[in-house]
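Read through the structure below, which is laid out as structure tokens, and then see the notes.
The numbers here are math on the coordinates, done by the rules we state, and not lab data. These numbers were taken from a predicted model, which means no experiment stands behind them. In this analysis, Cβ positions are derived from the backbone assuming ideal geometry, glycine residues included, and neighbour counts consider all displayed protein chains.
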Amino acid sequence: MHGYRNGQPLARAVDAAEGTARLADVDTATPAQVWRQHRAACGVSRAEHTAYTDGAAQASALLMD
């Protein structure tokens, strides 16, 4: 249902993804270090990474098995 209730927006999920993954490792460092180490395989642009990690002292890369 879309619309508003008591001034609050209502939303419903229209798509979902389910699955499992096996982690091989977690790499935690500064956002700049994580970007340098994993930029070729991370699947996001530098601008997206910077926007997501803005203000963070640390970031983590989840490395899939």
Helix-only CD estimate at 222 nm, as mean residue ellipticity for the chain, using -39500 (n - 2.57) per DSSP H run (n ≥ 4): -6500 deg cm²/dmol
Order of Val34, Val14, Val44, Val26 - criterion: other Cβ atoms within 10 Å of each residue's Cβ, fewest first: Val14, Val26, Val44, Val34
Within-15-Å neighbourhood charge of Ala59 [Cβ basis; K, R +1; D, E -1]: -1
Rg to Rh, two decimals, where the chain supplies the alpha carbon set and Rh follows Kirkwood: 1.16
For the chain, size of Cβ-based charge dipole, Lys and Arg +1, Asp and Glu -1, in debye: 200
In nm, spacing of pseudo-spin labels at Thr50 and Val14 (7 Å Cα→C-beta vector): 3.2
